[in-house]
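Right, one structure below, let's go through it.
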Amino acid sequence: DPVASYAYARVGYHRGLDALRANGWRGNGYVRWRHPSNRGFLRSLEALRAAAGRIGEDAEETRCRLFLLQLDPDWERRPEA
């Protein structure tokens, strides 16, 4: 179900943001894939991007993609891509 996928991804995204902030991230700067502790959050953000696209939320899909690239400029070249 695309809407359920979107909802699950959004929860993961927000939980990931909470964890990043609890560890000192203040909303700017890199969150790199190469650090395993960041991967759950980045996977959730990628899942949110994909799910947004599937339900026609084009602006949200674009926002997530840009955010991923701001967090890790090498995002599209990571080995798991």
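The values are calculated or read from the model by the stated rules, or taken from the named source; none is laboratory data. Owing to the predicted nature of the structure, the values given are computational and were not obtained by experimental measurement. Heads up, the Cβs are rebuilt from the backbone with ideal geometry, glycines too, and the neighbour counts pull from every protein chain shown. Just so you know, the surface numbers come from the protein's heavy atoms only, side chains and all, with ligands and any DNA or RNA stripped out. Shrake-Rupley method; radii C 1.70, N 1.55, O 1.52, S 1.80 Å.
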Inset, instruction - Putting +1 on Lys and Arg Cβ atoms and -1 on Asp and Glu Cβ atoms, find which of Tyr6, Ile55, Gly40 reaches farthest to the positive end of the dipole of the chain. - result: Gly40
Legend entry - Per residue accessible area of the chain, 1.4 Å probe, in Å²: 63
Legend entry - Paramagnetic reach from Glu57 (point 7 Å along Cα→Cβ, amide N under 16 Å) across the stretch 1-24: 1-17
Inset, instruction - Could you look at the chain and say what percent of its accessible area is carbon and sulfur, using a 1.4 Å probe and all protein chains? - result: 51
Inset, instruction - Figure the gain on full extension for Gln70 and Tyr8 (residue separation times 0.36 nm, minus the Cα-Cα span) and round it to one decimal in nm. - result: 20.0 nm
Legend entry - Whole-number percent relative contact order across the stretch 7-73, with pairs defined as alpha carbons under 8 Å at least 6 apart: 37
Inset, instruction - Rounded, prolate or oblate: pick one for the chain, where a ≥ b ≥ c are the square roots of the eigenvalues of its C-alpha gyration tensor, a/c under 1.5 means rounded, and failing that, prolate if a/b is larger than b/c, else oblate. - result: prolate
Legend entry - Size of charge dipole - the chain - debye, nearest 20, with Cβ of Lys, Arg +1 and Asp, Glu -1, no other charges: 360
Inset, instruction - List, in order, the whole-Hz ³J(HN,Hα) value for each residue of the stretch 5-15 obtained from phi through the Karplus relation with A = 6.51, B = -1.76, C = 1.60 and θ = phi - 60°; use x for Gly and Pro. - result: 4, 4, 5, 4, 5, 5, 4, x, 4, 5, 5
